[in-house]
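Right, one structure below, let's go through it.
The values are calculated or read from the model by the stated rules, or taken from the named source; none is laboratory data. If you're wondering where the values come from, they're calculated on a predicted model, not measured in any experiment. All Cβ positions, even for glycine, are placed from backbone atoms using ideal geometry, and neighbour counts span all protein chains on display.
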């Protein structure tokens with residue numbers, strides 16, 4: 001099974017929600033888990049470690065063609081990662097009895113790209129989707145049924161205007177797609193690079209609460 005860290009609900013509650021954290025390229029499960037205690041008290045918070053170990057350290061959900069910035073090198077790796085995440089959710093339910101109708105995703109960078117794809121491919125499996133410093137990859141979304149009912153989903157998109165890794169123009173495609181599909185969403189830009197500044201941090205906490 002995939003490696004992970006878990007913060008259990010801070011108070012006894014029936015059918016707690018589940019918040020999954022998906023880190024970015026070259027990081028690990030400890031990264032986003034650093035603010036797990038700030039997330040809703042009545043939720044399981046589980047931070048996943050990506051499936052592929054990188055030679056220089058850290059992990060990734062799929063390899064990148066660095067000569068083309070952040071373009072996907074192998075679409076099969078992204079599909080495998082998504083399948084593993086979906087399988088993990090089903091497997092872990094026996095150990096942590098969360099509400100299967102109240103699952104949210106928080107993804108950063110590569111994790112944000114995957115989160116958006118997971119949500120649009122499985123619109124009735126997730127609730128709130130927070131895509132931080134990512135972009136909607138057309139290769140991942142090519143087979144999405146755009147006629148699906150996305151009304152159960154709520155999206156939070158945020159990006160740094162000064163991001164040198166993923167240009168803000170790429171992230172703005174989130175907004176275009178969200179408007180085209182009539183999604184429930186918030187879109188924010190901040191004076192930051194490839195990271196999460198304090199303003200972004202408080203806005204995302206307000207959204208997930």
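Figures for the structure shown
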| read-out | value |
| --- | --- |
| Selection status of residue 137, over 21 Å from residue 23 (Cα atoms) and either surrounded by fewer than 24 Cβ atoms within 10 Å (Cβ to Cβ) or touching a strand residue (DSSP E or B) at 6+ places or on another chain (Cβ under 8 Å) (or both) | no |
| Single unsatisfied condition, residue 104 versus (1) in contact with a helix residue (DSSP H, G or I) (Cβ under 9 Å, 6 or more places away or on another chain); (2) part of a helix (DSSP H, G or I); (3) over 21 Å from residue 180 (Cβ atoms) | (2) |
| Considering residues of the range 136-153 that are free of Cβ contacts under 8 Å to residues at least 40 places away in the same chain and under 16 Å from the mean Cα position of the chain (by Cα) only, the residue farthest from residue 82 (Cα to Cα) | 153 |
| Count of the range 171-185 residues which are in a helix (DSSP H, G or I) and either over 17 Å from the mean Cα position of the chain (by Cα) or touching a residue at least 60 places away in the same chain (Cβ under 8 Å) (or both) | 3 |
| Criterion (buried (at least 16 other Cβ atoms within 10 Å of the Cβ) and modelled with pLDDT under 95) met by exactly one of 208, 129, 106, 166 | 166 |
| Only one of 27, 17, 47 that is in contact with a helix residue (DSSP H, G or I) (Cβ under 6 Å, 6 or more places away or on another chain) and either under 17 Å from residue 112 (Cα atoms) or in contact (Cβ under 8 Å) with a residue 40 or more places away in the chain (or both) | 47 |
| Residue match in the range 186-203 (condition: closer than 26 Å to residue 80 by Cβ, touching a helix residue (DSSP H, G or I) at 6+ places or on another chain (Cβ under 8 Å) and either part of a loop (DSSP other than H, G, I, E, B) or modelled with pLDDT of 95 or more (or both)) | no |
| Whichever residue in the range 8-24 is in a loop (DSSP other than H, G, I, E, B) and at pLDDT 95 or above and, among such residues, is surrounded by the most Cβ atoms within 10 Å (Cβ to Cβ) | 24 |
| Options 3, 65, 31: the member that is at pLDDT 95 or above and farther than 24 Å from residue 155 by Cβ | 3 |
| The lone exception for residue 37 - which of (1) surrounded by fewer than 17 Cβ atoms within 10 Å (Cβ to Cβ); (2) more than 16 Å from residue 205 (Cα to Cα) it fails | (2) |
